[in-house]
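Please read the structure below before turning to the comments.
The values are calculated or read from the model by the stated rules, or taken from the named source; none is laboratory data. Treat the numbers as computed from the prediction; the structure is a model and nothing was measured. Cβ sites come from the backbone with ideal geometry, for glycine too, and all protein chains shown count toward neighbours. Accessible surface is based on the protein model in full, side chains and every heavy atom, while ligands, DNA and RNA are left aside. Shrake-Rupley method; radii C 1.70, N 1.55, O 1.52, S 1.80 Å.
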Amino acid sequence: MSSSDIIVIGGGIAGLSAASVLSAHAKVIVLEAEEAVGYHSSGRSATMLHYALGDPLVRALTLASRPFFEAPPRGFTDAPLGHRMPVLIHAREDELAELDQQHADIAPFARLERVGEDGVLELCPAIRTGEGGAVAGLVDRNGIRLDPHALLQGHARALRRKGGEIVTGARIGGLHRAGAGWTVTIETGQTYSAPTVINAAGAWADAVADLAGIGRIGLMPLRRTIITFDGPEGADVSGWPFAKTVGDELYFAPESGRLFASPMDEVPTDPCDAQPDEYEVALAAHRVEARTTMKVGRIHSRWAGLRTFAPDRHLVAGFDPRAEGFFWLAGQGGFGLQTSPAMAAIVKSLIAGTAWPIEAVTAGELSPARFLG
């Protein structure tokens, strides 16, 4: 049996970021079911830091996380964690009221510019304007396109440097409380023990709670699809923004000389290695052609990932009141990467007793107890 102070179940961005900050205070082991960290949601995200999703709580966590991405700790990474990419939210005539509301919602967190058709086209000449097209937009010129690989590897490096361990291929087979701690058995038969277990298993977090015998909190895995395709012939798309409809219909952005796009689908599914469905792939192409002047010819790649939400679509972080030492870190939804520094600081506060890091967010808003009546 291998013993530690804290076992983290799940090597996505939630688990790794929490593990790396906690390793300064305790011996931490991360157990990841796949053969690489960030295999599922974290490695398949659109990886933008922007404020056009979630609600004030999510935006506050995003704002608090931004300094980490702009100036990571010394030695954390050999490469930038991201680069600036403007965010353009565009709207048709019948969507202007929604655009006004989104402007009011985002304004406390980011400096926005309101633009008309000419401003929309200046940023992204492919967006359809005029009758039936975009007539206005909101621009945040300080969006950040994040690098999930650099972020995950930075946390892995920080964890190992401070004596922590990552075990891949460690699918959980059993989890039970024994005496003053928890014993975790992986499918190969190896066992691990610690007083505290952090359940950061993403779409599988409810299943982990079942193994622990404490019951679920109602997490909802939702599949999202992304395609890549060529931009207009002869066009340099590298300077285009992350462009999003004001409603949850479509986003697209530059991707390695091409463009990626998502129909922003949310298809309920069981926890799984998500694969793209042909209907959502076709829907992505259709919405690109409806909202822009582009034609989607060859689709070069397609993939899908799971975005797992709590019932109220807020993140979950806190000890389960039903089971001593069982800590939930789940429900990152589509904003796990961009909120991960703030969430890691919150986990450190709740487990290691450091100062609470964010005035705009309370522990009660994140606690799993809110689902337990």
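On the stretch given as the range 103-149, residues that are open to solvent by 10 Å² or more (accessible area, probe 1.4 Å), of a type outside the set (D, E, K, R) and assigned to a helix (DSSP H, G or I) total 7. Applying the criterion of at least 3 residues that are open to solvent by less than 50 Å² (accessible area, probe 1.4 Å), within 20 Å of residue 316 (Cβ to Cβ) and touching a residue at least 40 places away in the same chain (Cβ under 8 Å) to the strands (runs of 3 or more DSSP E) found wholly in the range 172-241 leaves 196-199, 220-229.
Could you list, in sequence order, the residues of the range 292-318 that are of a type in the set (A, V, I, L, M, F, W, C) and under 13 Å from residue 259 (Cβ atoms)?
Our first condition is that a residue be of a type in the set (A, V, I, L, M, F, W, C); within the range 292-318, this holds for 294, 296, 299, 303-304, 306, 309-310, 315-317.
Across the range 292-318, the qualifying residues are 294, 296, 299.
Within the range 324-364, the only residue that satisfies the criterion of being assigned to a strand (DSSP E or B) and out of contact with any Gly (no Cβ under 8 Å at 6 or more places or on another chain) is 326. Scanning the range 277-323 for residues that are in contact with a Phe, Trp or Tyr (Cβ under 7 Å, 6 or more places away or on another chain), crowded, with 16+ Cβ neighbours inside 10 Å and under 30 Å from residue 129 (Cα atoms) turns up 288, 296, 299. Could you look through the range 50-87, keep only residues that are of a type in the set (A, V, I, L, M, F, W, C), in a loop (DSSP other than H, G, I, E, B) and surrounded by fewer than 20 Cβ atoms within 10 Å (Cβ to Cβ), and pick out the one that is nearest to the chain's Cα centre (by Cα)? Out of the qualifying residues, it is 53.
Only residues that are out of contact with any strand residue (DSSP E or B) (no Cβ under 7 Å at 6 or more places or on another chain), closer than 24 Å to residue 231 by Cβ and touching a residue at least 24 places away in the same chain (Cβ under 8 Å) were counted in the range 81-126, giving 1. In the range 284-334, the qualifying residues are those that are small (Gly, Ala, Ser) and on the phi > 0 side of the Ramachandran plot, and the one that is nearest to the chain's Cα centre (by Cα) is 333.
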